[in-house]
Structure formats: structure tokens, C-alpha cells
Amino acid sequence: METTLDIKYATLTNKGGRALNEDFLDVSITPQRAAFILCDGLGGHGNGDVASRYVTERLKEELERSVGIEEGILKAQEGLLHKQEQENAQDSMKTTVTCLALCGDSARFAHVGDSRVYYFEKAKYIMRSQDHSVPQMLVNRGEIAEKDIRRHEDRNRLLRVMGTEWETPKYQIVEGIRLTRRSSFLLCSDGFWELIDEKMMCKALKKAKSPQEWLDAMEKTVVENGKGTNMDNYSAIAVFVR
């Protein structure tokens, strides 16, 4: 990449307490950019594992053809709808998507659904992607507090997903992030972020010497908080820019 910044990453995916892992993730490193993709298939609709894998692989393929994130997501959406038709699965085969791209000294990310991208600077939480969910909508309206999202009864009700017909593009883009040697990112499915808050993410980040150490520490918290529950699949990608 045309930058002196050093990018390191680590990945994690686990089926939790479920029989099938419907999360899927991948990484694409080219001379032009580093891209990280994570999808969470919608288990309640069936074929979630097929959808998450397809969107991840198709988006990676498009990005490696030097296509932008926006066009890549639209191509993946178009392809997923076509796949549904071919397999008579219009009512299933749906997924979230998150994609982080690092190019030069800047970062941008996009998402659809409630899988998240977190951005940290000097081990401090700066921002995250806004869920396309009912609880997030209620937070934005001022009806519930941010902390209430994780336990809200409608936390699994999504307002935007891949695999549902769109009249207009449903992805959300965040750009203009200037990278430093202390920038860190976390992509994760809801099975991960529902069991660890931003304070604990920062605490683990401050002590971590590598992305793998950061993921390992956070996973311990996730597993501990998920004890005694039918844990969802949980997946994450940790990225250090140094």
C-alpha cells in the first residue's frame, strides 16, 4: 500500500451455542487498499450461512477489481437477489454486511444491518456505525438510552438487510477518517457486541500489544457474559494501524 503506516489484523468467528455458524468474514489486501468484510446471516430466515458467505465473497471479488465499496455492495445485493430467484429462496437468504477500507492515510466504512464497525483513536472510543434496527431508531428519537439497545426486546428487528428489494441504496457510508499510528478498528456481529460494551473494549485495547491479544481479551468477556445463554454466533475482526 502507498503508505508508511503498518496495518495488522486478527480475525475470530465462533458458532457460540448454535448448531450452525451463519457469520462469515474475509480480508482483502491489495497494493491499493486493505479491506475487511464481515457478514451475519439472518438465521430466522433460513439460508443465512449461504447469504453471508455469498455477500462476503462477492464483495471481496468486486473490491479486488478496484471497485468502490458502494458499487461492490450494490453488485453483491444484485447477485444475492438473483441467487434467491435461482434457488427459489426469496423469503430467505438474507444477511447484514460491514466493510472497512483503509487506503493511504484514510479510512472509510459501510454497513447494512446491525453488524458494527467501531473506530478507536489512542485506545479511546471515537464512534461506531449506526445499527439499522428498531432499538437504534428509538435511540435516535430519544425514546430509549444507548445502553438499552443490548437488552431491548426488539434488538433483532432489522430495518435494512442484504437480500431484500431496495428502492434506493440502503448502505450507510462513513468516510473522512484520518489514520494515525494509534488508530484501531473493530468489525463485529451482534453476537459479539451485545456481550461486551465499549468501556470493556477500550480496557482490553489499552493492554493489547497486537490485534490478536485484543480479540483474545474481548472474547473472554464475551464468553463470560454469555454463560448460561444460548449464545449466538459471534465474529470479529480487529485492525491496528501503527
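Odds and ends about this structure:
- For the listed peptides 32-41, 213-222, a ranking on the average number of other beta carbons within 10 Å per residue, highest first, reads 32-41, 213-222.
- Which listed pairs, of Lys15/Lys220; Lys83/Lys170; Lys60/Lys147; Lys94/Lys203, have C-alpha distances above 22 Å, in listed order: Lys60/Lys147; Lys94/Lys203
- Average accessible surface area per residue within the chain, 1.4 Å rolling probe, Å²: 47
- Alpha carbon centroid spacing (whole Å) that separates the range 103-141 from the range 75-92: 27
- The Arg65 and Trp166 beta-carbon pair, evaluated with R₀ = 22 Å, returns a calculated FRET efficiency of approximately 0.50.
- Within the range 61-136, trypsin sites (Lys or Arg not before Pro) in DSSP loop having at most 14 other beta-carbon neighbours inside 10 Å: Arg65, Lys122
- Protein heavy-atom surface of the range 103-242, 1.4 angstrom probe: 47% of the accessible area is carbon and sulfur, with nucleic acids and ligands not counted.
- A Stokes-Einstein calculation at 4 °C with viscosity 1.567 mPa s, built on the Kirkwood radius of the range 45-88 over Cα pairs, returns a diffusion coefficient of 122 µm²/s.
- The tail of the calculated P(r) for the chain, taken as Cα-Cα distances beyond 28 Å, holds 27 percent of the pairs.
- Span-rule helices in the chain, defined as complete DSSP H runs reaching 18 Å or more along the axis (Cα) with Kyte mean at least -1.0: 48-63, 69-86, 211-225
- Computed per residue of the chain from DSSP H runs no shorter than four, each worth -39500 (n - 2.57), the mean residue ellipticity at 222 nm is -9000 deg cm²/dmol.
The values are calculated or read from the model by the stated rules, or taken from the named source; none is laboratory data. As the structure is a computational prediction, the values presented were derived from the model and not from experiment. Reconstructed Cβ throughout: ideal geometry from the backbone, glycine too, with neighbour counts over all protein chains shown. Heavy atoms of the whole protein, side chains included, go into the accessibility calculation; ligands, DNA and RNA do not. Shrake-Rupley method; radii C 1.70, N 1.55, O 1.52, S 1.80 Å.
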